[in-house]
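After the structure tokens below, expect a handful of questions from me.
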Amino acid sequence: MTNPNVAELLQQLAERDARLASTETRLAAAQQEIALLRQKLDALARRLFGKKSEQLDPQQLQLLFQAREAPGPAEGKESGPQGSEVEPARPLKTSPRRSRSRTLRLPEHLPVVETVIVPEPVKACPEAWRKIGEEISDRLDYEPARFFCLRTIREKFVRRAEPEAAPIIAPLPACLLERSMVTPAVLALILVSKYCDHLPLYRQESIYWTRHQVWLSRQLMALWVGMAAQWLRLIYEHIRGEVFASGYVQVDETPIRYLEPGHGETKKGYLWVCNRPGVEAFYSWQTSRAAACLEKIIPAEFEGNLQCDGYAGYDAFAKSPAKKIELIGCWAHVRRKFFEAKEQAPRQAGLILHMMGNLYRCEERLRERRASPKLRALARSLACAQLIERIHRTLLLWKKQNRFLPQSNMGKAIKYALDEWTSLLLYLQDGRLEIDNNLVENVIRPTAVGKKNWLFFGAANAGERSAIIYTIIESCRRRGLDPFAYLRDIFTRLPTATNWQIKDLTPAAWAKTNAARKLHAAA
């Protein structure tokens, strides 16, 4: 017969064991949550205060494969796909940086202003001296920009034989805005200062007044910017058509806040960018990031390849039955995920980063040789296909082994890569395609610099004006054009141009005309 005291003690012991097991479970869950939160805090701190570059030092990469402590029985070597052992990759050879000359050399194209200095004894008695040579010293000088009044005088005439007849006068040259004091040069200055040099209108207002004693209110300049955008719209639409003229476009978007009238606060809008590598890029302003925005941006008749990140909106747009669009993945976004996870899993993330580095070295060699699309496709199939398959097997093995928590940085990186895997392989088949979306991200970069200064758009329609002007500035930048010289000339010619002449006023056409003019002058 069981002693009641013993039975009671056993029950209490069982309850204590249950509470202990529950506490240990909660403790393990709390430790996992703390680890995940620490990873997020570390990632946030790196984004805010750390280096933005994802480049790995080869010596640092070697350390990623070295254990921080002696390996235990179960972790002596890294397991590779199909139970094989993965040998740590050898460190990459570093190339020494090219030393830059510290000697300042003045550009040969600068105009020369000469100042001749004659010794005082020679000035006093020049006939007693004979010049035997000279010494020349060149220095870099600067003359500040200036405003001036452009006065147009139209003389009136009357025929001598008919003094009572109506006088004649030459018509005013065509201008952008009648009865306005703005000239093409001033308008070009305001646009370049705002959209190329990232000076908000309120700063321009202060600069023009304090340095030149010319008062241009920001409200007046905002009206001029809106007028300029309307004049440039046809050129913008022509560039947009050039972007979608082929079957390959890269797309990305960046958030920008704007003021909503009546709300007293800012809302989030998006500046979408479409890039045709090596040709043109254009910006489009939308007040949301919904997949429906792509219907407004991408022409309904477009067919071909759309390269983008893993945002679900692109999938929803491309899967429409009426679309014949294939999404191309971006290896840079995959690499970024593993870069963020390398502190949590240095050996595993370092292995993937090293193998991806080999993919990018192949692309670098192809760019140096200026390889054709056919040669690029062939080189990729020979040098990269097996390496990509090895990456795939490794990721599948880690996922099968449940080695990383799904919510950890490494777990998210593995999931993102496997979800995008089909689209990541497509660049191997077509040499026209790029390995990543970095080119379109480079187009976005100037706007990121600008919004640190002007913070937000003044209104939703200001975003549309900015998209037009950013497109023109980017087209000039791609061709090495001075945007001020281009805009000043275009604003002079636009009032008398017809719709059929718009194609001759784009930065691409303007660059060809200027190059031909310089060759003719040199001949």
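Just for helices (runs of 4 or more DSSP H) wholly inside the range 337-419: which have at least 1 residues that are over 24 Å from the mean Cα position of the chain (by Cα) and more than 21 Å from ILE435 (Cα to Cα)?
Hits in the range 337-419: 346-368, 385-401, 409-419.
On to the next question. Looking at the range 318-338, can you tell me whether even one residue there is farther than 30 Å from ILE297 by Cα, hydrophobic (A, V, I, L, M, F, W, C) and surrounded by 15 or more Cβ atoms within 10 Å (Cβ to Cβ)?
yes
Within the range 192-223, which residues are in a helix (DSSP H, G or I), under 30 Å from THR498 (Cα atoms) and open to solvent by less than 80 Å² (accessible area, probe 1.4 Å)?
VAL192, SER193, LYS194, TYR195, LEU220, MET221, ALA222
Right, next: How do the strands (runs of 3 or more DSSP E) wholly within the range 227-319 filter down when requiring 1 or more residues that are over 30 Å from GLU178 (Cβ atoms), among the small types (Gly, Ala, Ser) and within 18 Å of the chain's Cα centre (by Cα): which remain?
Ranges flagged: 266-276, 280-286.
Mind listing whichever residues of the range 120-146 are part of a helix (DSSP H, G or I) and surrounded by fewer than 10 Cβ atoms within 10 Å (Cβ to Cβ)?
GLU120, LYS123, ALA124, GLU127, ALA128
I've got another one for you. Kindly indicate whether ILE153 is over 30 Å from ALA508 (Cα atoms) and touching a strand residue (DSSP E or B) at 6+ places or on another chain (Cβ under 6 Å).
When the stated conditions are applied, ILE153 does not pass them.
For the range 430-458, what are the residues that are assigned to a loop (DSSP other than H, G, I, E, B), touching a Pro at 6+ places or on another chain (Cβ under 7 Å) and modelled with pLDDT under 80?
The answer is none; no residue qualifies.
Within the range 224-244, can one find any residue that is open to solvent by less than 50 Å² (accessible area, probe 1.4 Å) and of a type in the set (Asp, Glu)?
no
Is it true that LEU426 is in contact (Cβ under 8 Å) with a residue 40 or more places away in the chain, in a helix (DSSP H, G or I) and over 25 Å from LEU366 (Cβ atoms)?
no
Quick check: anything in the range 257-275 modelled with pLDDT of 85 or more and polar (S, T, N, Q)?
Yes - at least one qualifying residue is present in the range 257-275.
Restricting attention to the range 356-368, does a residue exist that is among the basic types (Lys, Arg), without any contact (Cβ under 8 Å) to a residue 60 or more places away in the chain and open to solvent by less than 20 Å² (accessible area, probe 1.4 Å)?
No, every residue in the range 356-368 fails to be among the basic types (Lys, Arg), without any contact (Cβ under 8 Å) to a residue 60 or more places away in the chain and open to solvent by less than 20 Å² (accessible area, probe 1.4 Å).
Taking the conditions exactly as written (among the charged types (D, E, K, R), open to solvent by 30 Å² or more (accessible area, probe 1.4 Å), touching a residue at least 12 places away in the same chain (Cβ under 8 Å) and out of contact with any helix residue (DSSP H, G or I) (no Cβ under 7 Å at 6 or more places or on another chain)), does LYS451 satisfy them or not?
Yes; evaluated as a whole, the condition is true for this residue.
For the range 499-523, which positions are open to solvent by less than 70 Å² (accessible area, probe 1.4 Å), assigned to a loop (DSSP other than H, G, I, E, B) and free of Cβ contacts under 8 Å to residues at least 60 places away in the same chain?
Within the range 499-523, no residue meets the criteria.
Looking at GLU260, GLU242, which is the one that is in contact with a strand residue (DSSP E or B) (Cβ under 6 Å, 6 or more places away or on another chain) and under 30 Å from PHE302 (Cβ atoms)?
GLU242 is the lone residue from the list that is in contact with a strand residue (DSSP E or B) (Cβ under 6 Å, 6 or more places away or on another chain) and under 30 Å from PHE302 (Cβ atoms).
If you don't mind, another one. Taking only pairs six or more apart or across chains, which ones have beta-carbon atoms under 6 Å, a first residue in the range 267-278 that is more than 12 Å from VAL440 (Cβ to Cβ) and in contact (Cβ under 8 Å) with a residue 12 or more places away in the chain, and a second residue that is of a type in the set (D, E, K, R) and surrounded by fewer than 18 Cβ atoms within 10 Å (Cβ to Cβ)?
LYS267/GLU260; LYS268/ARG257; TYR270/ARG289
Could you list, in sequence order, all residues of the range 412-429 that are open to solvent by 40 Å² or more (accessible area, probe 1.4 Å) and either under 18 Å from TYR311 (Cα atoms) or at pLDDT 90 or above (or both)?
LYS412, LYS415, TYR416, ASP419, THR422, LEU425
The values are calculated or read from the model by the stated rules, or taken from the named source; none is laboratory data. Everything numeric here is computed off the predicted structure, so don't read it as measured data. Note that we place each Cβ from the backbone using ideal geometry, even for glycine, and neighbour counts take in every protein chain shown. For the accessible areas, the whole protein counts, side chains as well, though only heavy atoms, and no ligand, DNA or RNA atoms are used. Shrake-Rupley method; radii C 1.70, N 1.55, O 1.52, S 1.80 Å.
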